[in-house]
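Structure record follows, encoded as structure tokens.
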Amino acid sequence: MKSKSLIKPPASKVLRSGRVILAPGEDVGEHSTTNCEEMIIVIHGTASLLLDGLTAQVKQGDTYFINAGVKHNVVNKTADIVEYVYVVGQF
């Protein structure tokens, strides 16, 4: 997994954003954004988004919103890379 921060405090007050590239078979690891809402924008490929036991397929051009407190993981189950940008807003 490759990850690069795009913006975070102190450059912004509450937003964090980054770009993630997942090779085939990689994932970011299950996590929860407790006091944050998150948006994922897929730039390339198709990812499996695991959300509290449910799976959603998100592909190039898709945007997906994740409510605060939802356990989630982004997994690349394909033979191609997955590239996406995440934006997290803390409250």
Which pairs have Cβ atoms under 8 Å, sit 6 or more apart or on different chains, and link a residue in the stretch 70-81 that is hydroxyl-bearing (Ser, Thr, Tyr) to one that is surrounded by 15 or more Cβ atoms within 10 Å (Cβ to Cβ)? Thr78/Gly45; Thr78/Thr46
Could you count how many residues in the stretch 1-32 are without any contact (Cβ under 8 Å) to a residue 40 or more places away in the chain, closer than 12 Å to Val88 by Cα and not small (Gly, Ala, Ser)? 4
Does Asp62 satisfy the criteria of being modelled with pLDDT of 95 or more and either among the hydroxyl-bearing types (Ser, Thr, Tyr) or over 21 Å from Leu6 (Cα atoms) (or both)? no
Has the stretch 41-49 got any residue that is out of contact with any Pro (no Cβ under 6 Å at 6 or more places or on another chain) and assigned to a loop (DSSP other than H, G, I, E, B)? yes
Can you tell which of Gly29, Gly18 is within 11 Å of the chain's Cα centre (by Cα), in a strand (DSSP E or B) and not charged (D, E, K, R)? Gly18
If you go through the stretch 50-67, how many residues are over 12 Å from Tyr84 (Cβ atoms) and not in a strand (DSSP E or B)? 3
Exactly one condition in (1) of a type outside the set (Gly, Ala, Ser); (2) in contact with a Leu (Cβ under 9 Å, 6 or more places away or on another chain); (3) at pLDDT 95 or above; (4) surrounded by 13 or more Cβ atoms within 10 Å (Cβ to Cβ) is not met by Gln90; state its number. (3)
Residue, farthest from Ser5 (Cα to Cα), within the stretch 33-59, restricted to residues that are hydroxyl-bearing (Ser, Thr, Tyr) and either surrounded by fewer than 16 Cβ atoms within 10 Å (Cβ to Cβ) or in contact (Cβ under 8 Å) with a residue 40 or more places away in the chain (or both): Thr55
Please verify whether the stretch 6-15 includes one or more residues that are assigned to a strand (DSSP E or B), surrounded by 14 or more Cβ atoms within 10 Å (Cβ to Cβ) and within 10 Å of the chain's Cα centre (by Cα). no
Kindly indicate whether any position in the stretch 28-36 is of a type outside the set (S, T, N, Q) and touching a Ser or Thr at 6+ places or on another chain (Cβ under 6 Å). no
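The values are calculated or read from the model by the stated rules, or taken from the named source; none is laboratory data. From a predicted model like this one, the values you see are computed outputs, not experimental measurements. Cβ sites come from the backbone with ideal geometry, for glycine too, and all protein chains shown count toward neighbours.
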